[in-house]
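Shown next, in structure tokens, is the structure this report addresses.
Read the figures in this text as sums done on the coordinates, not as results from a lab. Computed from a prediction, not measured in an experiment: that's the story for all the values here. Glycine gets a Cβ as well: all are built from the backbone with ideal geometry, and neighbour counts include every protein chain shown.
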Amino acid sequence: MNPPLPLIRSPLLAQFPHVALAQSTRQGADASAPFGFNLGYGLGDDENRVTAAVAQFAERLDLDPEDLAFMNQVHGATIREISEPGVYDDTDAIITRQPRVGLTVRTADCVPVMLYAPGENLIAAVHAGWRGTAEHIAQKTAEKLIGEYHADAATLYAFIGASAASCCYEVGEDVAALFPEGFIIREGDGNPRLDLKGLNRHQLEQAGIPADNINVSELCTIHEQTLLHSYRRDAERSGRMLTTIVLKEAV
Ligand SMILES: [Zn+2]
């Protein structure tokens, strides 16, 4: 029997019946799995185990693994509209109106930003590390939903998932210099720390999304050692988590 599979959900988005969202954790594998519950290929984990784990995660969203749309994330600012599952190269944000296409972001510390426009039945998924955040990818995606897809900013909703948080996420001065000082924490002689989640929240607000419509996970990948994967913490021994948002089929 598989151990329980804890998932991170958005209480804000859970109020909407036509959308489903979940972020995986490192919990859910049996003790023999070297990477824990890992949804990333190519890391040295057994590929069959990863495939089974992806299927188990998808099932919790009432999806088959074939319903997921992945990005070969490159820390850029390319946003694509898609209408079917698959793997999209050189992409860090995807948008769809299509039900049963599970927009998926793969992370170990980067920020997954998921957007939902209930009025337009439109969703988006964004991968925002520090590079993507410096390129304002979450803001550009929200602005695209509003400007090109005519989503009403007042009824756009967002989930900012578990990711490296300002308690732990140290960066060099060269990276810190890319961001407003208000999102840099400086204490003592240590390196500056970056509030990547706060920056993405701020960008969504800049796009016009009301603060109350943005749900930010408090969880920090770097210090939640038993719950979450972190590349910053575990480097080559780190697995990956998926965050997926999907429009449910009309009933
Ligand atoms: Zn932390």
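Of all beta bridges DSSP finds with both residues in the chain, what is the antiparallel percent, to the nearest 5?
Within the chain, antiparallel bridges account for around 70 percent of the total.
Tell me, how many Å apart are the Cα centres for segment 1-56 and for segment 106-178?
21 Å
What would the Debye equation give as log₁₀ I(q)/I(0) for segment 1-113 at q = 0.22 Å⁻¹, counting only Cα atoms as equal point scatterers?
Normalising to I(0) and taking log10 leaves -1.44.
Using helices alone, what [θ] at 222 nm do you get for the chain, with -39,500 (n - 2.57) per DSSP H run of 4 or more residues, divided over all residues and rounded to the nearest 500?
The per-residue figure over the chain is -5000 deg cm²/dmol.
Around Ala69, under 15 Å between beta carbons, what's the net of Lys plus Arg minus Asp minus Glu among the other residues?
Value of the local net charge: -4.
Normalising by the residue count of segment 1-158, find the relative contact order in percent from Cα pairs under 8 Å and 6+ residues apart.
15 percent
Of Ile82, Ala58, Cys110, which is farthest along the charge dipole of the chain in the positive direction, counting Lys and Arg as +1 and Asp and Glu as -1 at C-beta?
Farthest along the dipole direction, towards plus: Ala58.
Ranked highest first by average number of other Cβ atoms within 10 Å, how do 14-25, 41-52, 91-102 line up?
91-102, 14-25, 41-52
Using a 10 Å cut-off on Cβ atoms, rank the peptides 222-228, 170-176, 34-40 from the highest mean neighbour count down.
Ranking the peptides 222-228, 170-176, 34-40 by packing returns 34-40, 222-228, 170-176.
Above 23 Å lies some portion of the pair distances; for the chain, what is it as a whole percent of all C-alpha pairs?
Of all Cα-Cα pairs in the chain, 46 percent lie more than 23 Å apart.
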